[in-house]
1. If one takes the longest principal axis of the Cα atoms in chain B, at what angle in degrees, from 0 to 90 and to the nearest 10, does the Cα axis of helix B:101-112 lie?
2. For A:99-105, what's the mean count of beta carbons from other chains sitting within 10 Å of each residue's beta carbon?
3. Starting with the highest mean, order A:216-224, B:114-122, B:23-31, B:263-271 by the number of other Cβ atoms within 10 Å, averaged over the residues of each peptide.
4. Among A:211, A:150, A:95, determine the one that fluctuates most according to a GNM of chain A built with springs between C-alpha atoms less than 10 Å apart.
5. If I take the Cα coordinates of chain A and project them onto the principal axes, what are the three extents in Å, biggest first?
6. Taking each residue of B:127-135 in turn, how many C-beta atoms of other protein chains fall within 10 Å of its C-beta, and what is the average?
7. Please compute the modelled spin-label separation between residue B:10 and residue B:150, points set 7 Å along Cα→Cβ, answer in nm with one decimal.
8. At a threshold of 8 angstrom on Cα-Cα distance, excluding pairs fewer than six apart, so keeping six or more, what relative contact order does chain B reach in percent?
């Protein structure tokens, strides 16, 4: 398999890839060991970019980066990727375009981009904080600053990756709204391009299909119970009648993850288990 | 045409306490660090600093020279959190105007274009509006009627930027992948000072790269200074990458100790020597 033949890769992921969960959580059919938690996370992140077409996938962090590459190698071959600096590159690193920060910011406001950001805090409507913890005037913990979260959330789709699902991250109220959630987007009249497709954590996939765009448990990763997710969440999660499992990686996807995308196994250092 | 070449100390001689100072680059990338270090050797303080923040912000904050910071972040890139920025914020050592990255960019554009503001779809719904109560909105006068944030122009008294090459007239060239916003900083400032890795004859510039690499033009430049390794320890592609080992040292050493060892000399040359000595010790 050559890394650049995106079309040759496309067929393989579609078998189980139509939804966020198959509900079965059964074996993968590989002769190898079954998927690790980190591998479910990579696939769940990849799913964020399904159907996105010719847009820039902007993954922040390791597992989202693997997810973006998996999506591009399989079901979303038209995605654009960067080298982390100012060059648009193919899967084998071949430069295909120029994207310095000034053009990157236009890509954000032009909407041809789907970013997966981190969050130090996130609330039930998807308001996210990466700026600081505590009182903004004199924070107990200064973090990054709002960075581009405000412009991102009201212009291009924004998903989130949370490597440690806990009540410290999933909170009732965030201390400094950096990324805008559904309730505040509505209040401020900036819903036109506002969309938060999903939140992937080490335990589950969440979306905002709950009442009034509240966060809903979309699927739990195999090996995780609904109760575990609820108790690691600092607010009441909306629940579907039946919570499916996050879908299984296909044998082909597992092979890509293990042999091509992350042969050094860095994914298992970010998510254990 | 006038020769604008000067020394780092002559640049700093043009600056005053209380000024609003723009600093180019981005995070820990192509920062005019030699000029920042020269500032640290001066008595200049009480600055309003406008920056896509990196160790420029950290150094000035640690040294207590910042009255207000205008920034969307401060980071060392490979080390996510800028330790001195962080410490200064946690003791409320300076005032902060915290903008989103795009708001900041359009503030630069407004200043460079002599506009009072530019409308931006950013900030609305976020706490940027809460912590900057002076921000106003405008409503599109066209059929859509969209409400947007009117980002005020980020005018500055002086801008400091670092590029790869420049001539004595003030034309400056970047050879790396990203211009960042250095041209806008120069155009947004009443006086702009360009430090460069190498001063060359004008005719050499076009040999080094295509015309679009000539990012900063002399009409927007007040002074030029050659400072080899002047972006250290931030990156200055393709001349050199970030000095990750030294950045780690910077991030993990208590400020008085770091400052005493590396910043107490009388010149930039002293700094570069101290860095060389440290690297030799690591081998």
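Just so you know, all these numbers are worked out from the coordinates, no wet-lab data involved. No experiment lies behind these values; they were computed from the predicted model shown. In this analysis, Cβ positions are derived from the backbone assuming ideal geometry, glycine residues included, and neighbour counts consider all displayed protein chains.
1. Once rounded, one gets 90 degrees.
2. Details: counts 2, 8, 10, 9, 1, 3, 7.
Per residue, the number of nearby Cβ atoms from other chains is 6 on average.
3. Going from most to least packed, we get B:23-31, A:216-224, B:114-122, B:263-271.
4. A:211
5. Result, largest extent first: 54, 45, 32 Å.
6. Per residue, the average neighbour count from other chains is 4.
7. 4.3
8. That works out to 20 percent.
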